[in-house]
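Participant: Dropping the structure in here first, questions after.
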Amino acid sequence: MDILEAKQIDLSYEEKLIVESLDLSIKEGRIYSLLGPNGSGKSTILKALSRNLKTQKGTVYLDGSAIHKMNTKEVAKIMAVLSQSPQSPPYLTVKDLVEYGRFPHQRFWERLSSEDKEIVSWAIEKTGLTSFTDRLVNTLSGGERQRAWIAMALVQKPSILLLDEPTTFLDIAHQLEVMELVTSINKEYGITIVMVLHDMNHASRYSDELIVLKDGKIFAQGSPIKVMNEHTLKSVFGVEADIWIDKKHGKPVCIAQELAHHAELNDRKNKTLIGG
Amino acid sequence: MLSNTVTEKKSFWSNLRERRTWRLFVISSFILLSILSIFFSLSKGVMDISWSTIWKTFLTSPTDAEQQVLWNIRLPRVIVGALVGINLALAGAILQGVMRNPLADPGIIGISAGAGLTGVIILVLFPQYENLVPIGAFLGAMFAAVMIYILAWKRGIQPIRIILAGVAVSAFLGSWISALMIFYSDRVHGALMFMVGGLSARSWNHVDMIIIYSLIGIALAIIGTRWMNILLLGDETARGLGLNVERTRILMTAVASLLAASAVSVVGLLGFVGLIVPHAARLLIGNDYRFLVPASCFLGIAVVTFSDTIGRLVFAPVEIPVGIIMGVVGAPFFLYLLRRET
C-alpha cells in the first residue's frame, strides 16, 4: 500500500507555477531518492509532501488520509521531516534536541515519561552519539550534527522519514556515514525513506527507487538500473556521461564527461573538419 | 561520562558547571535580587523606613505616618513596578522568539504604541470606561502586531523587516498619541509621564486594574514555554514535529500583546525592559524557555523596581521617571546587540 501519495498536485512559489498535475506514489518500507537539476522542483515537492507547502490543487495523502485535514501532531507521529540545514538554537545539547522529538507524543502538560527517556537514549545510541549526549549541538561537526537531527526524527517513531539534501555541506566520509545510517534505519525498522539528493551515485547505491524530475514533472521513476542511463543524464541534466555497473554493489555508477551541447558542438566541428 | 563514575567529592564550583545546577543558581539569584530590590524600594525615599517597620506593617494594620507611607504609597507602587517588570520582560522574551528577532521589544516595534494609542483614546474620549483601558490597550497592541506582520511578511518572517516595520508602526501610532495629547491636553494628566513611562503616584487602583490581566498573561506564558522551545528550531522543523506554527505564532503574539498592554495601561510607554531583561537572562542561562520565563520574571521585577527607586532618589525631591533610566541604559544595550547580531 502507498504510505505517501500525491494526486494531481499543483505547486507554486509566489504565483509562479513550479509543479503541475503531479502524481507520485511512495510504497511502504522502501528508499526513494528525488533527483533533478536545480529548479526542477524536487525540494518543492518534498516541501509539499511534508506539509510545509500548501498545494494549489490536488491532495497529498499520508497513510490514506488527506494530509492537510489531519491533525498535525498525528501527522508527526507517522512522518518525520529533516529540513535542509536545520538550525539549532545555541545552548542546546544533543539530549535536549533529541528529546524534542517526543513532542508529538506528549500532551502539553506532560513531562518526559520513562518510556520517552528510553526511546531518546535508544536513538542517541543508534546514531552513535552516546559520547556526545551532553555536548552542545552547535559545537559538533557537520556530520555529528546531522546525526543528532536524525536521532530527533527517529524519536518521533515515524513510519516514514523525509530528508532534504541530508549530505550537503558534509565531507565524503560524513556523507557516507549519513547514507549508511539512513539505510540501516530503513533496513532495521522498515522506515520508508524519501530524500532529495544531489549526488547521483549515492542515490543509485542506496535507493530502491529513483524519481528523476525535470521541469516539475517526473521524467522517470524506477530502480537505479532501469532509470540511471545515458539518455536520462543527457535529457535531464544535459550532460554526456559514462555509466557502468559497479561490481561491488551491483548498482550503476556515473561520471559526467562533458556538457551535452559542448559535445554536439565538438561533433559538428569534427564533421566539418572531415568534410573540409 | 567518565567523571561521573569516579566517586570524588565535587566542589561547589565544579557542581555549578553542571547546567541544571547552574540554571537553578541563576534563577535563585534573580529571586534574591528581586526581593532585595523590593525591600530597597520600600525602605528608601524622602522618608527612610527601617526594615523592621516594613515587617511590622505587613504583620499589623498600618497606624503611624511611616506605615501609612509604606502601605498607601510605596507598596502599591512597588507592586505595579513588579508586575510591569514581569509583563514587559515576558512580552519581550516571547516576541523575540515568535518574531525570530533578538531586537524585538514591545516598545521598539510599536506594540506598546498600539496599546498606548487605544488606551489614551479611552482615557480622553470615554473617561467613564477607565477600567476598560487594559482591554482597549490589548486590542491596540494586537492591531500593531498585525500591522507589523503584514508589513514584514515576505516568504515567511524576515527578522530585519520586523524591526523596520516595527519602527514605522511605532512612529506612526506614537504620533497619533502625541496628537491626541495635544488636542486634549486638559484631559490628559501627566502626558509626559505617559510618553516616557513612569511609576509616579501609582496606587492600589492601578494594581487592581492590571493584576488579573497580568496573571492571565503570566500563566499563558508559562503554558507556552514548550511551544516556544519547539518554535526556536525553525518553522519547518517545528511543523515536522507537529506544532501548528501559524496558530502558535498568533497565540503567543496575543499573549505578548496582553502582557505589554497591561503594562502600558499603568505606566505608559516604558521601553527597553523587554529588551534588556530577557537578553541578560539568555546570556546566563540560554534560550530554553522553561528557564528563560521564570528568570525573566524575577529579573524584570528587580530591574524595574530598582531603577524606579534610583529614579526617586538621585535628584530627590525631583523624580526621574523610570522610563528615562531604562532609556539611558537600554539604548546603548540595543546598539550593542545590533552590532553583535550583524
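Participant: What percentage of the solvent-accessible surface of the protein assembly as shown, computed with a 1.4 Å probe over protein heavy atoms, is contributed by carbon and sulfur atoms?
Facilitator: The value for the protein assembly as shown is 61 percent carbon and sulfur by accessible area.
Participant: For the protein assembly as shown, report the accessible area per residue in Å² (1.4 Å probe, heavy atoms, rounded to an integer).
Facilitator: So the protein assembly as shown comes to 47 Å² accessible per residue, rounded to a whole number.
Participant: If I take all pairs of Cα atoms in region A:157-276, what percentage of them are more than 21 Å from each other?
Facilitator: The answer is 48 percent, as a whole percent.
Participant: Something else: For the residue pair residue B:150 and residue A:141, what label-to-label distance in nm results when each label sits 7 Å from Cα along the Cα-to-beta-carbon direction?
Facilitator: 5.1 nm
Participant: Which lysines does residue A:247 reach when only Cα atoms under 21 Å apart count, and residues fewer than 8 places away in its own chain are ignored?
Facilitator: A:226
Participant: So which residue, out of A:114, A:83, A:65, gets the largest mean-square fluctuation from a GNM of chain A using Cα contacts under 10 Å as springs?
Facilitator: Result for chain A, Cα springs under 10 Å: A:114 fluctuates most.
Participant: Specify whether the C-alpha gyration tensor of region A:229-276 places it in the rounded, prolate or oblate class, a ≥ b ≥ c being the square roots of the eigenvalues: rounded for a/c under 1.5, otherwise prolate if a/b is larger than b/c and oblate if not.
Facilitator: The shape class here is prolate.
Participant: Among the aspartates and glutamates, which have Cα under 15 Å from the Cα of residue A:117 when same-chain residues fewer than 8 positions away are ignored?
Facilitator: Answer for residue A:117, where 15 Å is the Cα cut-off: A:96, A:99, A:125, A:134, listed by chain and number.
Participant: I've got another one for you. Which of A:214, A:69, A:27 moves most in a GNM of chain A, Cα contacts under 10 Å?
Facilitator: A:69
Participant: Okay, next question. Please figure out what share of the DSSP beta bridges in the protein assembly as shown is antiparallel and state it in percent, rounded to the nearest 5.
Facilitator: 65 percent
Participant: Modelling each spin label as a point 7 Å along the Cα-to-Cβ direction, I'd like the residue A:115/residue B:313 distance in nm, to one decimal.
Facilitator: In this crude label model, residue A:115 to residue B:313 measures out at 5.7 nm.
Participant: What does a probe at residue A:243 reach in region A:27-67, counting residues whose amide N is under 14 Å from the point 7 Å along Cα→Cβ?
Facilitator: Counting backbone N atoms under 14 Å from the label point, the list is A:35-36.
Participant: Contact order normalised by length for chain B, with contacts defined as Cα pairs under 8 Å and 6 or more residues apart; what percent is it?
Facilitator: RCO, chain B: 30 percent.
Participant: Right, another one. Note the full-extension length gain between residue A:85 and residue A:258 as 0.36 nm times their separation in residues minus their Cα-Cα distance, in nm to one decimal.
Facilitator: Computed gain between residue A:85 and residue A:258 is 59.3 nm.
Participant: Determine the principal axes of the Cα atoms in chain A, then give the extent along each, sorted from largest to smallest and rounded to whole angstroms.
Facilitator: Sorted from largest, the Cα extents of chain A read 82, 43, 33 Å.
Participant: Determine Rg/Rh for chain B; Rg is computed over alpha-carbon atoms and Rh is the Kirkwood hydrodynamic estimate from the same atoms.
Facilitator: Computed over Cα atoms, the ratio is 1.00.
Participant: At the nearest 100 Å², what buried accessible area, both sides summed, do you get for A and B when the probe is 1.4 Å?
Facilitator: 2500 Å²
Participant: How do A:91-98, B:248-255 rank on mean C-beta neighbours within 10 Å, highest first?
Facilitator: Packing proxy ranking, top to bottom: A:91-98, B:248-255.
Participant: I've got another one for you. Based solely on its DSSP helices, what 222 nm [θ] is calculated for the protein assembly as shown when runs of n ≥ 4 H residues each add -39,500 (n - 2.57) and the sum is averaged over all residues, nearest 500 deg cm²/dmol?
Facilitator: Theoretical 222 nm ellipticity from helices: -18000 deg cm²/dmol.
Participant: For the protein assembly as shown, what ratio Rg/Rh do Cα atoms give with a Kirkwood hydrodynamic radius?
Facilitator: 1.09
Participant: Using DSSP loop states and a limit of at most 13 other Cβ atoms within 10 Å to flag GluC sites (Glu not before Pro), what is the longest stretch of chain A containing no flagged site?
Facilitator: A:111-276
Participant: Can you give the angle from 0 to 90° between the axis of helix A:142-155 and the longest principal axis of chain A, with both taken from C-alpha atoms, to the nearest 10?
Facilitator: 60 degrees
Participant: Could you pull out every whole DSSP H run in chain B that spans at least 15 Å of Cα extent along its own axis and averages -0.5 or higher on the Kyte-Doolittle scale?
Facilitator: Qualifying helices, which must be both long enough and hydrophobic enough, are B:19-43, B:75-98, B:111-125, B:133-152, B:159-183, B:204-223, B:245-267, B:273-285, B:289-313, B:322-341.
Participant: Can you pick out the pairs among A:54/A:217; A:57/A:234; A:47/A:214; A:77/B:154; A:7/A:73 whose Cα atoms lie more than 27 Å from each other?
Facilitator: A:57/A:234; A:77/B:154
Participant: Need one value for B:226-238: mean number of C-beta atoms belonging to other chains within 10 Å of its residues' C-beta atoms.
Facilitator: The per-residue average across the peptide is 5.
Participant: Probe radius 1.4 Å, ligands and nucleic acids left out: which of B:184, A:100, B:289 has the largest accessible area, and how do the rest follow?
Facilitator: Largest to smallest exposure gives the sequence B:184, A:100, B:289.
Participant: I've got another one for you. Leaving ligands, DNA and RNA out of it, rank B:170, B:41 by accessible area with a 1.4 Å probe, largest first.
Facilitator: Solvent-accessible surface, decreasing: B:170, B:41.
Participant: Hey, another quick one. How charged is the neighbourhood of residue A:159? Take every other residue with its Cβ under 13 Å from the Cβ of residue A:159, and add Lys/Arg as +1 and Asp/Glu as -1.
Facilitator: 0
Participant: Compute the helix-to-body angle for A:114-126: its Cα long axis versus the longest principal axis of chain A, expressed 0 to 90° and rounded to tens.
Facilitator: On a 0 to 90 degree scale, this one is about 30.
Participant: Between B:203, B:52, B:257, which gets the highest mean-square fluctuation from a Gaussian network model of chain B, Cα cutoff 10 Å?
Facilitator: Judging by the Gaussian network model, the answer is B:52.
Participant: Still on this model: Given 0.36 nm per residue, what is the gain on full extension from residue A:65 to residue A:130 after removing their alpha carbon distance, in nm?
Facilitator: 19.7 nm
Participant: Hey, another quick one. Efficiency by 1/(1 + (r/R0)^6): what FRET value for residue B:175 and residue B:205, r their Cβ-Cβ distance, R0 = 41 Å, to the nearest 0.05?
Facilitator: The value I calculate is 0.90.
The values are calculated or read from the model by the stated rules, or taken from the named source; none is laboratory data. No experiment lies behind these values; they were computed from the predicted model shown. As a convention, Cβ positions derive from the backbone with ideal geometry for all residues, glycine included, and neighbour counts pool all protein chains shown. To get the accessible areas, we keep the full protein, side chains included, count just its heavy atoms, and leave off ligands, DNA and RNA. Shrake-Rupley method; radii C 1.70, N 1.55, O 1.52, S 1.80 Å.
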